[in-house]
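Report on the structure given below.
Values in this text are rule-based calculations from the coordinates and carry no lab data. Just so it is clear, the structure is predicted and the values come from calculations on it, not from any experiment. Every residue, glycine among them, receives a Cβ derived from its backbone with ideal geometry; neighbour counts consider all protein chains shown.
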Amino acid sequence: MAISLPYQIIVLDSPIPAEIPFPGGPILFTTGLLAMADTPEAREFLVARNICHCALRHPLMMLKKESLYARALKLLKRRPEQRSSEELRDLIRDYIKNVPNLDHQKADRESLSLCLAPEKARLAAIAFLNRWSQALLPIMPWDWLDLPARIHALEKLTPP
């Protein structure tokens, strides 16, 4: 049985491993990140965790917390032809800079309940997050996206 969800998946051709859930459901993945999710369970976890971010309203809460909400509304109230591309670019840049501040551990944990085989997904998620942290280590701080703590939290979870 197919289920229709109100989320749009966008895949950006880029070797940089990244994911960005946006308010309302557009979810961006890069081909670099999808290549790291090398099993069906890892891909299922990746999609489920971003759906959880959107369903739990993490992107919207982050917009408000980081004072980006008013800027976004100001832009959206204007007619498209009156919107400044520089303001839009700056807003998107600031949003992306704050994606690490989302509640990733909660999204990781909650996403397992959406997976067909939660224990397999948990183990795949641990392996996937380890690969991601190793890929980012040469270019980003060790604690980027809170990966070590997220891996540890998933390792401590007891199987359902």
Student exercise, the chain dipole from Lys, Arg, Asp, Glu Cβ charges, in Debye to nearest 20: 580 debye
Under 20 Å from LYS65, Cα to Cα: lysines that are on another chain or at least 8 residues apart: LYS74, LYS97, LYS106
For segment 50-160, with +1 on Lys and Arg beta carbons and -1 on Asp and Glu, the positive-most of ALA153, HIS53, ALA72 along the dipole: ALA72
Dimensionless Rg ratio for the chain, taking C-alpha atoms and the 2.2 N^0.38 Å reference: 1.08
Computed [θ] at 222 nm, helices only, for the chain once each DSSP H run of length n ≥ 4 contributes -39500 (n - 2.57): -17000 deg cm²/dmol
20 Å Cα-Cα reach of LYS120 towards aspartates and glutamates, excluding residues that sit fewer than 8 places from it in its own chain: ASP38, GLU41, GLU44, ASP108, GLU110, GLU155
Top positive-direction residue, dipole computed over segment 90-134 with Cβ charges, set SER111, ALA125, ILE92: ALA125
Relative contact order (%) - the chain, alpha-carbon pairs under 8 angstrom, separation at least six: 22 percent
